[in-house]
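Heads up, the thing below is written out as structure tokens.
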Amino acid sequence: MREETFEVASETERLIIRPLKKSDYENWLNEFKNRYPSKHRHDQGKVDMSVCTREWFYNLVEKHQDLALTDTAHVFGVFRKRDGTHLGMVDFSTIERDDFQWGRIGYSIHNQYWRQGYAKEAVTEALNIAFNYLKFHRIEAHINLDNPASINLAESVGMDYECTRKNFIFEFGEWTDNLIYYKNAF
């Protein structure tokens, strides 16, 4: 049994942002199962959850804890405050610490909850966690050129466009360009 746990959490008017707990399994699984079919190539839509047994989920929670305790990545569930519904995830990957304090943000809201302002609220608060609790100085979002929803979200939370990194990530069977948006702690 783990002696130390990563328990940073924060609340907004409508949301709770915190690491997943083993007790979240049914809620987490249910919301993945309730996803709508994919609306575009950056939307996973419905996914095969047959491998996501309770034991598999417990291992995922433990893996997230290990990643957080080693400052490799910090993965947060996004939950609706009024009823505890799992809405999605926000995560930070540590790129470099030392003189940089530099990380990357990722975010995903289940598509059945799109267009309700949850993503903006969650990412805004997650950035607060990144700067005030995780002590990052710079957070980047790496966004596909053809993902206007993610671009709009980054801009709406005050992230600035910095550059386009050519052939930056291998996905969709090819090396793709990414737009780099960033926000600094000050």
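Starting from the Cα gyration tensor of region 82-178, take the square roots of the eigenvalues, sort them a ≥ b ≥ c, and report rounded, prolate or oblate (rounded when a/c is under 1.5, otherwise prolate if a/b is larger than b/c, else oblate).
oblate
Let's see if you can work this out: charge +1 on each Lys and Arg Cβ, -1 on each Asp and Glu Cβ, no other charges. What is the dipole magnitude of region 1-81 about its Cα centre, in debye to the nearest 20? Intermediate values should be presented prior to the final figure.
On the way: 14 positive and 14 negative charges, 108 e Å.
Using only the charged Cβ atoms, the result is roughly 520 debye.
Give, rounded to the nearest 20 debye, the magnitude of the charge dipole that the chain has about its Cα centre when Lys and Arg contribute +1 at Cβ and Asp and Glu contribute -1 at Cβ. Don't skip to the end; give the middle numbers.
Values: 24 positive and 29 negative charges, 121 e Å.
With Lys and Arg at +1 and Asp and Glu at -1, about 580 debye.
My understanding is that a pair violates if its Cα-Cα distance is over 20 Å; which of 63/120; 22/63; 39/63; 21/183 do that in this structure?
With Cα atoms farther than 20 Å apart: 63/120; 39/63; 21/183.
With just the Cα atoms defining each centre, how far is region 1-53 from region 75-118? Give it in Å.
Comparing the Cα centres of region 1-53 and region 75-118, I get a distance of 10 Å.
Which whole-number percentage describes the relative contact order of region 14-106, with Cα contacts under 8 Å and a sequence gap of 6 or more?
Computed over region 14-106, the figure is 29 percent.
Can you give the accessible area of residue 56 in Å² (nearest 10), computed on protein heavy atoms with a 1.4 Å probe?
Approximately 100 Å² for this residue.
Mind checking which lysines have their C-alpha under 18 Å from residue 46, skipping anything on the same chain fewer than 8 residues away?
Output for residue 46: 33.
How are the Cα pair distances of the chain distributed, in percent, across 5 Å bins from 0?
1, 7, 15, 19, 21, 19, 12, 4, 1
Enumerate the helices in the chain for which the Kyte-Doolittle hydropathy averages 0.0 or more and the C-alpha atoms extend at least 18 Å along the helix's axis, using complete DSSP H runs.
TM-like helix candidates: 118-132.
The values are calculated or read from the model by the stated rules, or taken from the named source; none is laboratory data. Please read these numbers as outputs of a predicted model, since none were measured by experiment. Note that each Cβ is placed from the backbone with ideal geometry, even for glycine, and that neighbours are counted across all protein chains shown. Remember, those area values only see protein heavy atoms, side chains included, never the ligands or the DNA or RNA. Shrake-Rupley method; radii C 1.70, N 1.55, O 1.52, S 1.80 Å.
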